[in-house]
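*Asks:* I'd like to ask you about the structure that follows.
Just so it is clear, none of the values below were taken in a lab; they were calculated from the coordinates. Computed from a predicted structure; not experimentally measured. Note: ideal-geometry Cβ built from the backbone for every residue, glycine included; neighbour counts use all protein chains shown.
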Amino acid sequence: MLMSNSIELKNLVKKFGDVVAVDDVSLEVPEGALLILLGPSGCGKTTILRMLAGLEKPTSGEISYDGKLVANGEKGNIVPSGERNLGMVFQSYALWPHMTIEENIEWPLKIKGWSASERKARIEEVLKIMSISELSKRYPNEISGGQQQRAAITRTIAAKPKVLLFDEPLSNLDAKLRMEMRYELMRIHRITGATSVYVTHDQVEAMTMATHVAVMRKGKIEQFDSPRELLKNPATPFVATFLGTPPANVLSLDQSDGKYYYKGIPVGHVRDKKYEKPLGMYRPENLKLAYEPGDRRIKVELAEAIPVAGRAMVAVWDEGRRIDVVVPDLPEARPGDSLFLEFPTEPDKIFEGNESRD
């Protein structure tokens, strides 16, 4: 197993003109961790990855590998990209088209000064690790997209980097190949022991692969936690509504006389803290559907119902607002029919804020 570097970001900022792509980001990645930067397009995750790789210079703040400063906002890149002992896997594979797979893997080893015998032994080793030995003499245009990505990963790990960076490496693959490659990447992470940072907008990748996840929005980190904790205890309305299949519902509530109300019905009690603009979080599995009016029920319109793993994911419309519910069986209704949504006696969580989370 390789030695691995810890990674630390301190007050990292990156601006492109007047646009703030990364806004005062600080976090520590333990050595050997697999951190996933997760968020929608334009949230700053790829910009952070490019600064880690030395492809972009921070506007301010610092980046350190294993306690050693590699980039500083005032001084730029202190350690050049080629000297950071890292490997990067791109979405586009980035294989040299005029080289065989074997030659693609050998090239970075030549650059690092490995002897011919060392190169030969290492190429055979990593080809075997990635189960693509039979592709060694082929050119990139002679193999499939999934095989090209395996070759790109093989080339990246060949030189034994202490840090691995992944820029949405599975986004060009179909669903079946993505599932297979998720397993392969987790296996490679275990084998190499390299500290890894992985960028994606796909929460399935994040929840299945990561040891740590940084959920990003508008250049900032909304929450940095384990996948389990993110789902169990989201810190912000954005995290609550971004993660989960389906995600939690977050609704604006009114409050008076020590109670919370949604559209005039009581849906909880004000406990220790009184919020200025309370937002109630309701997990889909804690909501119910009914065919008749009753206590804590509002009238809604069925949008869609999908059978999943012996249950049903149901979406309803409440005056233009989508609310997701998980119920035991498909409802005996069709899209457009009226149903009644029943709230639990208490919200799963209360946030302070505005219901607009874009």
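*Asks:* Between the helical axis of 116-129 and the dominant principal axis of the chain, each derived from Cα atoms, what acute angle in degrees is found, rounded to the nearest 10?
*Replies:* In the chain, helix 116-129 runs at an angle near 30 degrees to the longest axis.
*Asks:* With n ≥ 4 as the cut-off for DSSP H runs, can you work out [θ] at 222 nm for the chain, using -39500 (n - 2.57) per run divided by the number of residues, rounded to the nearest 500?
*Replies:* Working: 8 runs with 85 residues, N = 358.
Calculated from helices alone, the mean residue ellipticity at 222 nm is -7000 deg cm²/dmol.
*Asks:* If you take every DSSP beta bridge whose two residues both sit in the chain, what share of them, in percent to the nearest 5, is antiparallel? Intermediate values should be presented prior to the final figure.
*Replies:* On the way: 61 of 79 bridges.
The antiparallel fraction comes to roughly 75 percent.
*Asks:* Return the Rg/Rh ratio of the stretch 249-352 with Cα-based radii and a Kirkwood Rh.
*Replies:* Rg divided by Rh gives 0.99.
*Asks:* Still on this structure: Only Cα pairs under 8 Å and at least 6 apart count here; give the relative contact order of the stretch 7-242 as a rounded whole percent.
*Replies:* Values: 433 pairs, mean separation 64.2, N = 236.
Relative contact order of the stretch 7-242: 27 percent.
*Asks:* Could I ask something else about it? For a protection proxy built on the mean count of beta-carbon atoms within 10 angstrom, sort 37-43, 191-197 highest first, please.
*Replies:* 191-197, 37-43
*Asks:* Rounded to whole Å and ordered largest first, report the semi-axes of the equivalent ellipsoid of the chain derived from its Cα gyration tensor (root of 5λ).
*Replies:* On the way: eigenvalues 426, 128, 45 Å².
They are 46, 25, 15 Å, listed largest first.
*Asks:* For a protection proxy built on the mean count of beta-carbon atoms within 10 angstrom, sort 163-169, 269-275 highest first, please. Could the numbers behind the result be given before it?
*Replies:* Details: 163-169: 23.3, 269-275: 11.0.
Highest-to-lowest ranking by the protection proxy: 163-169, 269-275.
*Asks:* Can you return the aspartates and glutamates within cross-link range of Lys274? Criterion is Cα-Cα under 18 Å, with same-chain partners fewer than 8 residues away left out.
*Replies:* The reachable aspartates and glutamates, counting only those whose Cα sits under 18 Å from Lys274, are Asp254, Asp257, Glu346, Asp348, Glu352, Glu355.
*Asks:* What ranking do 276-287, 225-236 get when scored by the average of other Cβ atoms within 10 Å per residue, highest first?
*Replies:* Values: 276-287: 18.2, 225-236: 16.6.
Packing proxy ranking, top to bottom: 276-287, 225-236.
*Asks:* Would you work out the relative contact order for the stretch 249-352, in percent, from Cα pairs under 8 angstrom that are 6 or more residues apart?
*Replies:* Numbers: 224 pairs, mean separation 33.9, N = 104.
In percent, rounded to a whole number, it is 33.
*Asks:* Could I ask something else about it? Just tell me which lysines come within less than 26 Å, Cα to Cα, of Lys120; anything on the same chain fewer than 8 places away is out.
*Replies:* Of all the lysines, those that pass the test against Lys120 - Cα under 26 Å, at least 8 places apart if same chain - are Lys110, Lys112, Lys128, Lys137, Lys160, Lys162.
*Asks:* Continuing with the same structure: Angle check, please: helix 145-158 long axis (alpha carbons) against the longest principal axis of the chain (alpha carbons), in degrees 0 to 90, nearest 10.
*Replies:* Roughly 60 degrees, rounded to the nearest 10.
*Asks:* Let me spell out the model: positive unit charges on the Cβ of Lys and Arg, negative unit charges on the Cβ of Asp and Glu, origin at the Cα centre of the chain. What dipole size does that give, in debye rounded to 20? Don't skip to the answer; put the middle values down first.
*Replies:* Details: 48 positive and 50 negative charges, 196 e Å.
Taking the Cα centre of the chain as origin, the dipole is about 940 debye.
*Asks:* Could you give me the ³J(HN,Hα) list for the stretch 168-182, computed from phi with Karplus coefficients 6.51, -1.76, 1.60 and θ = phi - 60°, whole Hz, x at Gly and Pro?
*Replies:* Taking θ as phi minus 60°, the curve returns 6, x, 9, 5, 8, 9, 6, 4, 5, 5, 4, 4, 5, 6, 4 Hz for the stretch 168-182.
*Asks:* Cut-off is 10 Å between beta-carbons; in what order do Ile48, Ile265 appear when sorted fewest neighbours first?
*Replies:* Details: Ile48 28, Ile265 13.
So the ranking, lowest neighbour count to highest, is Ile265, Ile48.
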